[in-house]
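Visitor: One structure coming up, written as structure tokens, with questions to follow.
The numbers here are math on the coordinates, done by the rules we state, and not lab data. Just so it is clear, the model here is predicted, and its values are computed rather than measured. Methodologically, a virtual Cβ is constructed for each residue, glycine included, from the backbone with ideal geometry; neighbour enumeration extends over all protein chains shown.
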Amino acid sequence: MDIKELIEMGETQSVEFKESLKLRDEIGETVSAFSNSDGGTVIVGVSNKKPYL
């Protein structure tokens with residue numbers, strides 16, 4: 001699955017969108033949570049509100 005398809009599907013339990021690198025604390029928390037579970041994908045530069053782009 002490519003990144004465009006991931007974005008079109010929206011956020012899930014294993015896919016998180018972060019609008020900006022300025023949210024580094026939130027990104028760190030998400031990465032930590034993913035590393036303590038089954039993994040996941042953090043996509044920076046995408047809003048979590050529709051339309052995503």
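Visitor: With an 8 Å Cα cut-off and a minimum separation of 6 or more residues, compute the relative contact order for the chain in percent.
Guide: Computed value for the chain: 45 percent relative contact order.
Visitor: I need the phi-derived Karplus couplings for region 39-49: 6.51 cos²θ - 1.76 cosθ + 1.60, θ = phi - 60°, integer Hz, Gly and Pro marked x.
Guide: Using θ = phi - 60°, the values come out as x, x, 10, 10, 10, 9, x, 10, 6, 8, 10 Hz.
Visitor: Now for a different question. Under a Cβ-only charge scheme (Lys and Arg +1, Asp and Glu -1), can you give me the dipole magnitude of region 3-44 about the Cα centre, in debye to the nearest 20?
Guide: 160 debye
Visitor: Can you tell me the convex hull volume per residue for the chain, based on C-alpha atoms, in Å³ to the nearest whole number?
Guide: Expressed per residue, the convex hull around the Cα atoms of the chain is 70 Å³.
Visitor: Right, here's the next one. As a check on your grasp of the helix formula, calculate [θ] at 222 nm for the chain: sum -39500 (n - 2.57) over DSSP H runs of n ≥ 4, divide by the residue count, round to the nearest 500. It would help to have the intermediate numbers written out before the result.
Guide: Working: 2 runs with 19 residues, N = 53.
Rounded to the nearest 500, it is -10500 deg cm²/dmol.
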